[in-house]
Amino acid sequence: MERSIKLHYSLGKCRLKFHLSERGMTQAEFARRMGYDVRLVSFYATGDRTMPQDVMYSVSRFLGCTMEELYEWDIKRD
């Protein structure tokens, strides 16, 4: 009998700081260019808040990465 393995994915650490650093951009500059409040960007970058899907999409398009690359992903097997 074949056993099915279930994988569950959950958001891990936000990688926004990494992506901004790679582009030589500060959180303040990023916030200004995207039209976001600086405090909100800081909350996203530190993991105090999770980006909603529409924000993740906009940020990923702006940074030239995928939505999946904005976070580390924790994988759990059942």
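On a C-alpha basis, how far is the centre of the range 51-78 from the centre of the range 1-30 in Å? Whole number, if you could?
The distance from the Cα centre of the range 51-78 to that of the range 1-30 comes to 6 Å.
Averaged per residue, what accessible area in Å² does the chain show with a 1.4 Å probe, protein chains only? The partial results should precede the final answer.
Details: 5770 Å² over 78 residues.
Counting only protein heavy atoms, the per-residue value for the chain is 74 Å².
Counting Lys and Arg as +1 and Asp and Glu as -1, what is the net charge of the other residues whose Cβ lies under 10 Å from the Cβ of L7?
+2
Roughly how many percent of the accessible protein surface of the chain is carbon and sulfur, given a 1.4 Å probe and a whole-percent answer? Before the final figure, lay out each step's value.
On the way: 2790 of 5770 Å².
Of the solvent-accessible surface of the chain, carbon and sulfur hold 48 percent.
Computed over the Cα atoms, what is the radius of gyration of the chain divided by 2.2 N^0.38 Å, N being its residue count? Walk me through the intermediate numbers first.
Numbers: Rg = 15.1 Å, N = 78, 2.2 N^0.38 = 11.5 Å.
Taking N as the residue count of the chain, the ratio is 1.31.
What number comes out for the charge environment of A28, summing +1 per Lys or Arg and -1 per Asp or Glu over other residues with Cβ under 15 Å away? If you can, show how the numbers build up before the last one.
Details: positive: K17, R23, R32, R33, R39; negative: E29, D37.
With Lys, Arg at +1 and Asp, Glu at -1, the net is +3.
Using helices alone, what [θ] at 222 nm do you get for the chain, with -39,500 (n - 2.57) per DSSP H run of 4 or more residues, divided over all residues and rounded to the nearest 500? Don't jump to the answer; show the numbers that get you there.
Details: 4 runs with 35 residues, N = 78.
Calculated mean residue ellipticity at 222 nm is -12500 deg cm²/dmol.
Using a simple spin-label model with points 7 Å from Cα along the Cα→Cβ vector, what separation in nm is obtained for L40 and I5?
Here the modelled spin labels are 4.0 nm apart.
With a cap of 16 neighbouring Cβ atoms within 10 Å, and only residues DSSP puts in a loop, list the GluC sites (Glu not before Pro) found in the chain. List each step's numbers first, then the result.
On the way: sites: E2, E22, E29, E68, E69, E72; in loops: E2.
Within the chain, the qualifying GluC sites (Glu not before Pro) (loop, at most 16 other Cβ atoms within 10 Å) are E2.
Just to verify a number: FRET efficiency for A28 and E72, C-beta to C-beta distance, R0 = 22 Å, to 0.05? Walk me through the numbers on the way to the answer.
Details: r = 24 Å, r/R0 = 1.09.
E(calc), rounded to 0.05, equals 0.40.
The values are calculated or read from the model by the stated rules, or taken from the named source; none is laboratory data. Bear in mind the structure is a predicted one, so any value in this text is a computation, not a measurement. Cβ: placed from backbone, ideal geometry, glycine included. Neighbour counts: every protein chain shown. Side chains are part of the model used for accessible areas, which takes the heavy atoms of the whole protein and leaves out ligands, DNA and RNA. Shrake-Rupley method; radii C 1.70, N 1.55, O 1.52, S 1.80 Å.
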